[in-house]
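A short reminder: the numbers here are calculations on the coordinates, not readings from a lab. Not measured: the values here are computed from a predicted model. In this analysis, Cβ positions are derived from the backbone assuming ideal geometry, glycine residues included, and neighbour counts consider all displayed protein chains.
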Amino acid sequence: MFQGIPVSVTAVDPHWRENFVSVVSVVERRSENIADPLALAPATRDCDLVTEVIDSLAALRALEPEWRALQRRVGRPSQVFQSFDWCSAWAEGLGDAREHNLRIVTVRIDGHLALVWPLMRTCVGPLCVLRWLSDPYSQYGDVLVAADAGRDRLLAAAWERIRSLPGVDAIRLRHVRVDAVAACFLARHCRPVGDTDSAPCLDLTAFADEAAYARRYTKAQRRRRKRIRRELEEKGTLDFRLLRSGPEFDALIDRTIAEKRHWLAERGLHSRPLADPRLADFIRRLADFEDLDLVLSVLTSGSEPVAFEIGLRFGGHHFGYITAHDTCLTDASPARLHMDLSQRRAIADGLAAFDLMVPGDPHKVSWSCHSVDVFDFCAPVTLAGHLYGLAYLESLRPLARRAYLIAPPAVRRHFKRLVGA
């Protein structure tokens, strides 16, 4: 079933193929029982599938009612980054730039929208690559597909159109969850690249209330949180709030991003989205939409903000998009107390899960109860695309990334200065 996965993947992770095949097989079996109003019954399987490529903001805006209807009918919480709100906010602010060309592929059945595959074409020098729309802003990549019984047929029709798009050397699709709608299809038609990552998540339905949540902590963990609270209370009364709009909301968006950038710089780390000067405007634009709830939580000590989180709420899940704290107080661990309060608030608000998303760093795992494997895929189209995939994505980049991450912060900071990151 997974002929598209090469044996050479074991050079990256000897258990990659075994784990991926077993987990995706379970997902496929479960998906067979999911009904959908547009499922391709035998009587409709001979109807024509009409594919289209949305490559302008005007066409994207015109698709809004149908996109929202499809998303509300079959969308999953993890498809927040394929929601119309997210994609249109990104396209309105960044997608009209020369370096990001919209390539949103749609498929219709008898005139009804049945698939939305949000992509964009990015070019660096002579090389042009298709990516998920908004990459690297987005954290998960997937496809909105209406018909479960005919899912592969719809994906195949879209894939054929994608492969035929002019001016494309390769298709690079990052951060595909093992339980994504498109995971099985991409495993058959693409090459896995890079290392397997994970997305930690906490199941909030396991806690009837905050008291039940508090019982998950060990005595040592409870003592540590009390110590953090005492230290912060020495500076003033603690307060935890959620903001969704207003002047303070706008100012704290800027403060959150600034503190996160400072924290990364101290460790010699680099984040492409956080390095983009347009990030704050993009996030503020998300506050104006209807299906995606953008929340900013802040922990203050006295009148001073000490920890922050920019979160996305979608489909009953909370996604911790950007967390930060006052870097002058790092030793006091305000971010730890903030995370505790943020998860408690999500429980109180009736949310089902708290998703910390990729990468699966140890500090995220400690706030979670399980993780979902996440993979990157590549499909070369031209000779240049083959070289890009084999030489860079499968060989050079993973080695360079590992060396970079294990290097001391001082070495990373020096390297960043040399390359101008």
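Using the 2.2 N^0.38 Å rule of thumb for compact globular proteins, work out how region 202-371 stacks up: its C-alpha Rg over that value, please. Please report the intermediate quantities before stating the final value.
Values: Rg = 15.6 Å, N = 170, 2.2 N^0.38 = 15.5 Å.
It is 1.01.
Measuring from the lowest to the highest alpha carbon on each principal axis, how far does the chain reach, largest first, in angstroms?
Reported extents, whole Å, longest axis first: 70, 49, 43.
What are the residues whose amide H is under 5 Å from the amide H of Val143, where those residues sit 5 or more places off or on another chain and H is modelled from the backbone?
Correct list: Val181, Ala182.
What is the Cα coordinate range of region 112-194 on the first, second and third principal axes, sorted by size from largest, in whole angstrom?
Answer, in whole Å and largest first: 41, 25, 22 Å.
Note down the relative contact order for region 202-371 as a percent, whole number, built from C-alpha pairs under 8 angstrom at least six residues apart.
On the way: 232 pairs, mean separation 50.5, N = 170.
Relative CO of region 202-371 lands at 30 percent.
If you average the sequence gap of Cα pairs under 8 Å that are 6 or more apart and divide by the length of the chain, what percent do you get for the contact order?
Numbers: 710 pairs, mean separation 85.2, N = 421.
Relative contact order here is 20 percent.
Going by how many other beta carbons lie within 10 Å of each one, how would you line up His414, His386, His325, fewest first? Intermediate results must be reported in sequence, preceding the final value.
On the way: His414 12, His386 15, His325 24.
In increasing order of surrounding Cβ atoms, one gets His414, His386, His325.
Counting other beta carbons within 10 Å of each Cβ, put Trp367, Trp117 in order, fewest first. Mind dumping the intermediate values first?
On the way: Trp367 17, Trp117 27.
Starting with the residue having the fewest Cβ neighbours, the order is Trp367, Trp117.
Skipping prolines and chain starts, which residues have an amide H placed within reach, meaning under 5 Å, of the one on Trp367, given they are 5 or more residues away or on another chain?
Amide H neighbours of Trp367, under 5 Å, 5+ apart: none.
Once every Cα of region 126-173 carries one equal point scatterer and solvent is ignored, give the base-10 log of I(q)/I(0) from the Debye formula at q = 0.20, 0.27, 0.29 Å⁻¹, two decimals.
Scattering profile of region 126-173, log10 relative to I(0): -0.81, -1.08, -1.11.
Hey, can you grab everything whose amide H is under 5 Å from the amide H of Val105? Only 5+ residues off in sequence or another chain; H modelled, so Pro and N-termini drop out.
So Val105 has HN proximity to Ile54, Trp117, Leu119.
If the only charges are +1 at each Lys and Arg Cβ and -1 at each Asp and Glu Cβ, what is the size of the charge dipole of region 266-360 around the Cα centre, to the nearest 20 debye?
On the way: 9 positive and 14 negative charges, 31 e Å.
Computed about the Cα centre, the dipole is about 140 debye.
For the residue pair Leu387 and Lys416, what label-to-label distance in nm results when each label sits 7 Å from Cα along the Cα-to-beta-carbon direction?
Taking the simple label geometry, Leu387 and Lys416 are separated by 3.2 nm.
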